[in-house]
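Worksheet: one structure, shown below.
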Amino acid sequence: MAIVLSLVSALAYGVSDFLGGIFSKRAPAWQIAVVGQTSSGVVSLVAALVVGGSPTGHDLAFGALAGLGAGFGVAFLYRGLSTARMGVVAPISAIGTALIPVVVGVATGDRPSTTVVIGIVLAFPAIALISRVVDDDPAHRGGVLDGVLAGLGFGLLFVSLGQVGDDAGLMPLALSQVASVVSVVVTATVLRHAWVPRTRAAWSAVVMGPLGAVAQGAFLYASHHGLLSVVSVISSLYPASTVVLAAVVLREKILRWQAVGLLAAALAVALVAAG
């Protein structure tokens, strides 16, 4: 069950990123982030009221912390992608997203089998290869720091959601989405980027709301059924669905290293599932 939910999370994250990439060509990325995260918050709140649950102060605190991590990660990912080389920022952030929960999971008692460990190790080069993008623009230099900061933010998101109790329901998730909007707005303001959605194109990102809610909700429940070190790695394979969608819908060519990464990702999932 944990593997299936993690794959659902990865798929939803990947589709959301695909749509976000399309919408960001029509409106500023910060506005897309605010609309998308707000929409996710509304969907998560409605789902929380339907599902119910008994969240403790501990659960709500980690939900808020997860949201701050998500907003922080999005902020620096967008800054990095707008000013630096995409082939640097994206892989570093994706690897950080997976690596931090693995370290925390092992440090707090996760003991995956040898087969699962091999799958986890294989997933890291798979993530790097899939998310690597060619960017020959000479104006785009660096990006290492932004990639690291984005990875720290997304890693904090996964770690924090993994601390939410089984009986908490979805209210911590809704709180996470609200906190992420606040985090994006504050960061955008500090960096002097326009974040208030004023165009129809920006508001089109509202359709990303259900995807974001599903992605985080699936990860939350996956962490209840499996090891944090395992479900975080599988969920971090989300660039795979983005690449496949771009190939199918936009007819973008899957590059050789991306194809190798996709095969490695499939093998990694198979090893983790077998273990």
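FYI, it's all coordinate maths here, none of it is from the lab. The shown structure was predicted, so the numbers you read here are calculated from the model rather than taken from an experiment. As a convention, Cβ positions derive from the backbone with ideal geometry for all residues, glycine included, and neighbour counts pool all protein chains shown.
Data overview
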{"item": "Diffusion constant of segment 104-258 at 37 °C, which comes from Stokes-Einstein with the Kirkwood Cα-pair radius and 0.692 mPa s, µm²/s", "result": "180 µm²/s"}
{"item": "For segment 154-210: rounded, prolate or oblate by the Cα gyration tensor [a/c cutoff 1.5]", "result": "oblate"}
{"item": "Rough spin-label spacing in nm, given labels placed 7 Å along Cα→Cβ, for VAL182 and LEU250", "result": "3.4 nm"}
{"item": "Spacing of the two label points (7 Å from each Cα toward its C-beta) at THR115 and VAL144, in nm", "result": "3.9 nm"}
{"item": "Relative contact order, percent, the chain [alpha-carbon distance under 8 Å, six or more residues apart]", "result": "43 percent"}
{"item": "Overall form of the chain per C-alpha gyration tensor (a/c, 1.5; a/b vs b/c)", "result": "oblate"}
{"item": "Cα→Cβ-extended label distance, 7 Å offset, between ALA259 and HIS58, nm", "result": "5.0 nm"}
{"item": "Cα-based convex hull volume of segment 9-118 per residue, rounded to whole Å³", "result": "153 Å³"}
{"item": "Global geometry of segment 179-254, whether rounded, prolate or oblate, following the gyration tensor of its Cα atoms and the 1.5 cut on a/c", "result": "oblate"}
{"item": "Candidates per trypsin sites (Lys or Arg not before Pro) in segment 1-106, loop by DSSP, up to 12 other Cβ within 10 Å", "result": "LYS25"}
{"item": "Most to least packed among 232-244, 97-109, 216-228, 11-23 [average Cβ atoms within 10 Å]", "result": "232-244, 216-228, 11-23, 97-109"}
{"item": "Within the chain: Cβ-based charge dipole about Cα centre, in debye rounded to nearest 20 (Lys, Arg +1; Asp, Glu -1)", "result": "760 debye"}
